[in-house]
Amino acid sequence: MTEAAGQAAPQAPAEGTAEVWWARRRDASPRLSDLLDHAERERWAAYRRDADRERFLVGCGLAKTVIAACTGQRPAEVSFDRTCRQCGQPHGKPAVRHGDLEFSVAHSGDLVAVAVATAPVGVDVEQLEERPHELGGGDPASLARMVLAAEEQAVLATVAASGRARAFLVAWTRKEAVTKATGDGLRVPFGAIVVARDTAAPRLVAWPYPQDPRTVSLHDLDTKPGYVAALAVLGRCDTVRARDGSALLASTLLA
């Protein structure tokens, strides 16, 4: 179940619940850069496009602000461990140092999302106009052969041509949310992550791990027009609450 939540004071989500905080690229503020550590500043500076720099800054700032509010800290006191499990470089799935909350960050176009939960969580958002070109072209059929399992390709082929690009990105966001929750990201072949669509919700039916895929909770998220998004939790997640991250950032910066 996905529900909108009022702007109550942030608190750590209960077991079985995830919160997704939404902000915008234009929420970027020079004051948010004060929250970046050395590695984050290097990554921020390495982006060539202003839009990428702004999305990264808002993502980091919002994640630290949300986690600080949930744990009774100041945003500047929150730090992340980004060590990659494969190579030891600081580009792995971020984890909160000295804390138990799990979180995930995603951004595309004007939107930035931060998901928090008590179990490993992954969130992905994609802008319909942007992502196919980033993947190497706008042909959903050729992209589908790269990332969809045979049964998923068959389902996509039944979608009208006018809706095929959106249907492909819906499938993509679900898979990426799962791999972000595991921490493996794009290292896992997306064709090995198989999602079935039930009448009520998407359902993970296969993945390259020994655990039962049915233990993963998968949710499509409501977003503004022109975007699709999904959330995955490695465990039970009955409720997903949407929260206003832009308002939280504004109130924090004014404090």
| request: Averaged over every viewing direction, what's the projected area of the C-alpha convex hull for the chain? Give it in nm², one decimal, please. | output: 13.5 nm²
| field | Extended-chain gain in nm, criterion 0.36 nm per residue less alpha-carbon gap, Arg82 and Val155 | value | 22.6 nm
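With viscosity set to 0.890 mPa s and temperature to 25 °C, compute the Stokes-Einstein D of the range 145-250, Rh being the Kirkwood radius across alpha carbon pairs; µm²/s, no decimals.
Working: Rh = 14.7 Å.
For these conditions, the coefficient is 166 µm²/s.
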| Label-point separation in nm, Arg41 to Asp244, each point 7 Å along Cα→Cβ | 3.3 nm
| field | Estimated FRET transfer efficiency (Arg214, Ser33; beta-carbon r; R0 45 Å; 0.05) | value | 0.60
| Which trypsin sites (Lys or Arg not before Pro) does the range 9-73 hold that lie in a coil by DSSP with at most 12 other beta carbons within 10 Å? | Arg48, Arg49
| Given just the C-alpha atoms of the range 6-130, how large is their convex hull per residue in cubic angstrom? | 130 Å³
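Measuring with a 1.4 Å probe in the full set of protein chains, what accessible area per residue, in whole Å², belongs to the chain?
Numbers: 12350 Å² over 255 residues.
Per-residue accessible area for the chain comes out at 48 Å².
Where in the chain lies the longest segment free of GluC sites (Glu not before Pro) that are both loop residues by DSSP (not H, G, I, E, B) and have at most 15 other Cβ atoms within 10 Å? Please report the intermediate quantities before stating the final value.
On the way: sites that count: Glu15, Glu129, Glu130.
Result for the longest clean stretch: 131-255.
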| request: Could you check how much of the accessible area of the chain is carbon and sulfur, as a whole percent, using a 1.4 Å probe? | output: 52 percent
| With helices defined as uninterrupted DSSP H runs, which ones in the chain have an alpha carbon span along their own long axis of at least 18 Å and mean Kyte-Doolittle hydropathy of at least -0.5? | 50-71, 164-182
| said: Using the alpha carbons of the range 196-255, what is the convex hull volume per residue in cubic angstrom, as a whole number? | reply: 142 Å³
| remark: Heavy-atom accessible area with a 1.4 angstrom probe orders Asp34, Asp124, Asp184, Asp100, most exposed first, as Asp100, Asp34, Asp184, Asp124
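The values are calculated or read from the model by the stated rules, or taken from the named source; none is laboratory data. In this text, all values refer to a predicted model and were calculated from it rather than measured experimentally. No Cβ is skipped: glycine too gets one built from the backbone with ideal geometry, and neighbour counts run over all protein chains shown. Side chains included, ligands, DNA and RNA excluded: accessible areas come from the protein's heavy atoms. Shrake-Rupley method; radii C 1.70, N 1.55, O 1.52, S 1.80 Å.
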